[in-house]
Amino acid sequence: MLILISISFAVSFTITVLVGLVLIPALRRMKAGQMIQEDGPVWHKGKQGTPTMGGLMFIAGITVAVLAVGIGEIREGRLGHITVIAFALVFAAIGLFDDYVKLKKKQNLGLKAKQKFALQLFVALGYVAIMHMIGNLTTNLYIPFIDISVHIPLPIYYIFASFVIVGTVNSVNITDGADGLVTGVTIPVAACILAIALHIEHTTVGLFAAALLGGLIAFLIFNFYPAKVFMGDTGSLFLGGAVCALAFAMDMPMLLIVLGFVYIVEAFSDIIQVTYFKLSKGKRVFKMAPIHHHFEMCGWSEYKLFIVFTIVSSIFATISYLGVYNR
């Protein structure tokens with residue numbers, strides 16, 4: 001298992017780097033540059049025109065690694081990694097279309113919120129249904145730290161699962177707001193899932209988690225401050241889908257509450273800001289939301305944001321691993 005996982009990591013890392021060397025110049029020639037939000041930090045205006053949709057490079061690396069290294073698992077009928085990659089790729093397709101609309105309109109607004117929500121909800125329900133039908137998902141909700149499982153009626157579980165998936169995917173998307181930020185935050189998440197997969201001897205999840213880790217570390221070479229490329233919604237929705245799919249593939253969706261702590265804080269800071277702004281008729285809780293922009297307004301550099309948020313994510317990833325160690 002360790003050999004396959006090591007190969008999966010190496011293949012994903014190598015292909016991501018190679019694709020990046022070709023993709024970034026191609027995106028520049030296509031003038032596929034990021035459009036910066038009008039209400040965002042003024043110093044982000046300098047990023048205008050930086051190539052976006054760079055998530056395609058780690059999507060390519062991860063996909064090739066999972067399919068090539070996991071061929072033996074496929075032949076033996078173990079398809080956990082295939083359902084995960086398929087789910088993540090569908091979310092990437094939604095993100096790719098969103099990025100395309102943004103580029104076509106030459107503004108930072110792509111699909112309407114209702115359109116994105118409807119597509120994501122449809123995909124979430126489909127994934128849960130397929131996983132349940134093929135026997136890779138139960139309706140017994142595992143509770144980390146106390147090591148018990150609670151049976152949930154199927155209709156309620158579908159609602160719960162859809163809420164978790166759509167919420168997590170959008171939280172990851174919101175976190176992608178500074179150079180390297182969501183990449184750095186997700187690396188410890190992938191490492192934690194890989195460690196858990198090794199601990200419970202879940203080969204297919206381990207293969208994907210290793211590929212995800214390798215692809216993200218490679219992408220960071222191009223995405224670290226100052227970023228040469230952004231992952232775009234193509235990449236961030238893929239990451240959100242991958243993290244969710246891996247948690248459900250291990251039958252541990254509740255783990256996302258701790259493992260995805262940074263994502264959740266980012267999302268709730270945005271919700272709190274918007275809600276309070278409306279209720280108070282113009283007052284704000286944060287200088288700017290989501291919360292990473294608040295820290296930027298307080299004088300934090302994007303380098304400091306990356307370091308602090310990655311450390312926080314690493315701490316909660318460690319706690320998450322300890323929370324399921326006795327399973």
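Every number here is computed from the coordinates shown, using simple stated rules; none is lab data. Every value quoted in this text rests on a predicted model; they were computed, and no experiment measured them. Heads up, the Cβs are rebuilt from the backbone with ideal geometry, glycines too, and the neighbour counts pull from every protein chain shown.
One table, with the values for the structure above:
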| quantity | calculated |
| --- | --- |
| In Hz, Karplus ³J(HN,Hα) per residue of the range 184-198 (6.51, -1.76, 1.60; θ = phi - 60°; x = Gly, Pro) | x, 5, 7, 4, x, 4, 5, 5, 5, 5, 5, 4, 5, 4, 5 |
| Cα-centred dipole magnitude for the chain, charges only on beta-carbon of K, R (+1) and D, E (-1), debye, nearest 20 | 1180 |
| Given 10 as the ceiling on other Cβ atoms within 10 Å, longest exposed-site-free region of the chain for GluC sites (Glu not before Pro) in DSSP loops | 202-327 |
| About the Cα centre, charge dipole magnitude for the range 101-157 (Lys/Arg +1, Asp/Glu -1 at Cβ), debye | 840 |
| Radius of gyration, Dmax [the chain; alpha carbons; angstrom] | 19.0, 60 |
| Candidates His151, His294, His132, ranked by Gaussian network fluctuation over the chain, Cα under 10 Å, top entry | His151 |
| In sequence order, calculated HN-Hα J values of the range 4-18 (Karplus, 6.51, -1.76, 1.60; Hz; x Gly/Pro) | 4, 5, 5, 5, 4, 4, 5, 5, 4, 4, 5, 5, 4, 5, 5 |
| Sum of -39500 (n - 2.57) over DSSP H runs of 4+, divided by residues of the chain (222 nm, nearest 500) | -23500 deg cm²/dmol |
| Amide H contacts of Ile143 (H built 1.01 Å from N, under 5 Å, at least 5 apart or other chain) | Ile148, Ser149, Val150 |
| For the range 203-216, 3J(HN,Hα) per residue [Karplus equation, 6.51 cos²θ - 1.76 cosθ + 1.60, θ = phi - 60°, Hz, x = Gly/Pro] | 4, 5, 5, x, 4, 5, 4, 5, 5, 4, 4, x, x, 6 |
| Positive-end extreme of charge dipole, the chain - chosen from Val101, Val262, Leu18 (charges on Cβ) | Val101 |
| Intensity falloff of the range 186-327 expressed as log10 I(q)/I(0), Debye formula with alpha-carbon point scatterers, at q = 0.11, 0.12, 0.14 Å⁻¹ | -0.48, -0.56, -0.74 |
| Euclidean distance of C-alpha centroids, the range 67-87 and the range 266-317, integer Å | 38 |
| Spatially proximal lysines relative to Lys102 (Cα-Cα < 25 Å; intrachain offsets below 8 disregarded) | Lys31, Lys45, Lys47, Lys112, Lys114, Lys116, Lys228 |
